[in-house]
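Student: Below you'll find the structure I mean.
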Amino acid sequence: MQESNKTALLVMDLQNSILQNLEDPKPLLDKVSKAISHARSNGIPVIYVVVSFRPGAPEISESNKAFSRFGKDMWTPEFVAQWQEIHQDVKPDNDEVIVTKRRFSAFTGSDLEVVLRGQGIQHLVLTGISTSGVVLSTLREAADKDYQLTVIEDCCEDRDPEIHQVLTTKVFPSQAEVISLDRWIK
């Protein structure tokens, strides 16, 4: 698939702390690693997105069902550093941007949009875990912001394969092109 110089690959939430929720993260990591190699060799910026909070988690409201279950006390400086660690198989190069978000969408609480504008990016290629979390939320917000979108469906994963399948075949195609890794790297 041909890409313009206005494209960026987003590698989202591939943190050790999140990957441990998968039964076997290796197939996903192998495919995302290939996508990263393709992007780098074709001059496509790779932007990493991680979810994290400051020590003491002042960003977490008690009314936030998803994040309040973690509690605020666990977010010590040491825990935050460990939590944000990106898996070694897909680690960023020194010059690649890492964006920290505070909710599911890669845009919420982050400077992602400023980074994208700074590089003139208009097309986002989405990868990550989970399909029903960061990928869905980022896709919806990016579509509302008029980005062109591609989802590499086999570079995304969800703990529930049925949810992944429904999203990639029935929901995402209305706002994004959904393709395989093999098709993207051709």
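Student: Could you put V11, V50 in order, starting from the residue whose Cβ has the fewest other Cβ atoms within 10 Å?
Tutor: Least crowded to most crowded, the residues run V50, V11.
Student: Among R102, R54, what is the fewest-to-most ranking by other Cβ atoms within 10 Å?
Tutor: Going from sparsest to densest Cβ surroundings: R54, R102.
Student: Lys and Arg at +1, Asp and Glu at -1: add these up for the other residues within a Cβ distance under 15 Å of S61 and post the number. Before the final figure, lay out each step's value.
Tutor: On the way: positive: R54, K65, R69, K72, R102, R103; negative: E59, E62.
Charge balance in the 15 Å sphere: +4.
Student: Next question. Got the relative contact order for the chain handy, in percent, Cα pairs under 8 Å and 6 or more residues apart? Walk me through the intermediate numbers first.
Tutor: Values: 315 pairs, mean separation 50.3, N = 186.
Relative contact order here is 27 percent.
Student: Taking the Cα atoms only, what angle lies between the long axis of helix 26-41 and the longest principal axis of the chain, rounded to 10 degrees?
Tutor: So the helix axis and the longest Cα principal axis differ by about 60 degrees.
Student: Could you give the size of the charge dipole of the range 68-142 about its Cα centre, using +1 on the Cβ of each K and R and -1 on the Cβ of each D and E, expressed in debye and rounded to the nearest 20? Don't skip to the end; give the middle numbers.
Tutor: Numbers: 8 positive and 10 negative charges, 90 e Å.
Magnitude of the dipole: close to 440 debye.
Student: For E59, list long-range residues whose amide hydrogen, built 1.01 Å from N in the peptide plane, is under 5 Å from its own amide hydrogen.
Tutor: Answer set, sorted by chain and number: R54.
Student: Still on this structure, please answer the following. Sort S137, S61 so the one with the fewest other Cβ atoms within 10 Å of its own Cβ comes first.
Tutor: Details: S137 19, S61 10.
Fewest-to-most ranking of S137, S61: S61, S137.
Student: Sticking with this one: Of the trypsin sites (Lys or Arg not before Pro) in the range 12-96, which ones lie in a loop per DSSP and count no more than 10 other C-beta atoms within 10 Å?
Tutor: Listed in order of number, the matching sites are R69.
Student: Can you list the HN-Hα couplings for the range 146-161, worked out from phi with the Karplus curve (6.51, -1.76, 1.60; θ = phi - 60°), rounded to whole Hz and with x for Gly and Pro?
Tutor: So the J values, rounded to whole Hz, are 6, 7, 6, 10, 10, 10, 8, 4, 8, 10, 10, 8, 9, 4, 10, x.
Student: Compare T100, T131, T76 in a GNM of the chain, Cα atoms joined below 10 Å, and give the one with the largest fluctuation.
Tutor: Among T100, T131, T76, the largest mean-square fluctuation in the Gaussian network model of the chain belongs to T76.
Student: Something else about it: Of all DSSP beta bridges located in the chain, what percent are antiparallel, nearest 5?
Tutor: Restricted to the chain, the bridges split so that about 5 percent are antiparallel.
Student: Hey, another quick one. List the lysines whose alpha-carbon lies under 27 Å from that of K34, not counting same-chain residues fewer than 8 positions away?
Tutor: Answer for K34, where 27 Å is the Cα cut-off: K6, K26, K91, K101, K170, K186, listed by chain and number.
Student: From the Cα gyration tensor of the range 28-186, with a ≥ b ≥ c the square roots of its eigenvalues, which class applies: rounded if a/c is under 1.5, or else prolate if a/b is larger than b/c, or else oblate?
Tutor: Prolate.
Student: Let me ask something else about it. What is the sum of charges, Lys and Arg at +1 and Asp and Glu at -1, for the other residues whose Cβ falls under 12 Å from the Cβ of R40?
Tutor: Overall, the nearby charge balance is -2.
Student: So for the range 1-68, Kirkwood radius off the Cα pairs, Stokes-Einstein at 37 °C and 0.692 mPa s: how many µm² s⁻¹?
Tutor: 227 µm²/s
Student: Ok, one more. Rg and Dmax in Å for the range 119-170, alpha carbons only: what are they?
Tutor: My reading of the Cα-based Rg and Dmax gives 11.0, 36 Å.
Student: Take the Cα atoms of the range 63-136, build their convex hull, and give its volume per residue in Å³.
Tutor: Normalising the Cα hull of the range 63-136 by residue number yields 133 Å³.
Student: Using the Cβ atoms and a cut-off under 9 Å, what net charge is assigned to the surroundings of T108, where Lys and Arg are +1 and Asp and Glu are -1?
Tutor: +2
Student: Calculated FRET efficiency, D30 and M74, Cβ-Cβ r, R0 41 Å, to nearest 0.05?
Tutor: So the FRET efficiency works out to roughly 0.85.
Student: Using each residue's phi in the range 91-96, evaluate 6.51 cos²θ - 1.76 cosθ + 1.60 at θ = phi - 60° and report the 3J(HN,Hα) Karplus result to the nearest Hz, with x for Gly and Pro.
Tutor: Running phi through 6.51 cos²θ - 1.76 cosθ + 1.60 with θ = phi - 60° gives 4, x, 6, 4, 8, 8 Hz.
Student: Further question on the same structure: Size of the dipole of the range 7-185 about the Cα centre, Lys and Arg at +1 and Asp and Glu at -1 on the beta carbon, nothing else charged, in debye to 20?
Tutor: With only Lys, Arg, Asp and Glu charged at Cβ, the dipole is about 300 debye.
Bear in mind these aren't lab numbers, they're just calculated from the coordinates by the rules spelled out. Quick caveat, the model's predicted, so the values are computed rather than measured. Backbone-built Cβ (ideal geometry, glycine too); neighbour counts: all protein chains shown.
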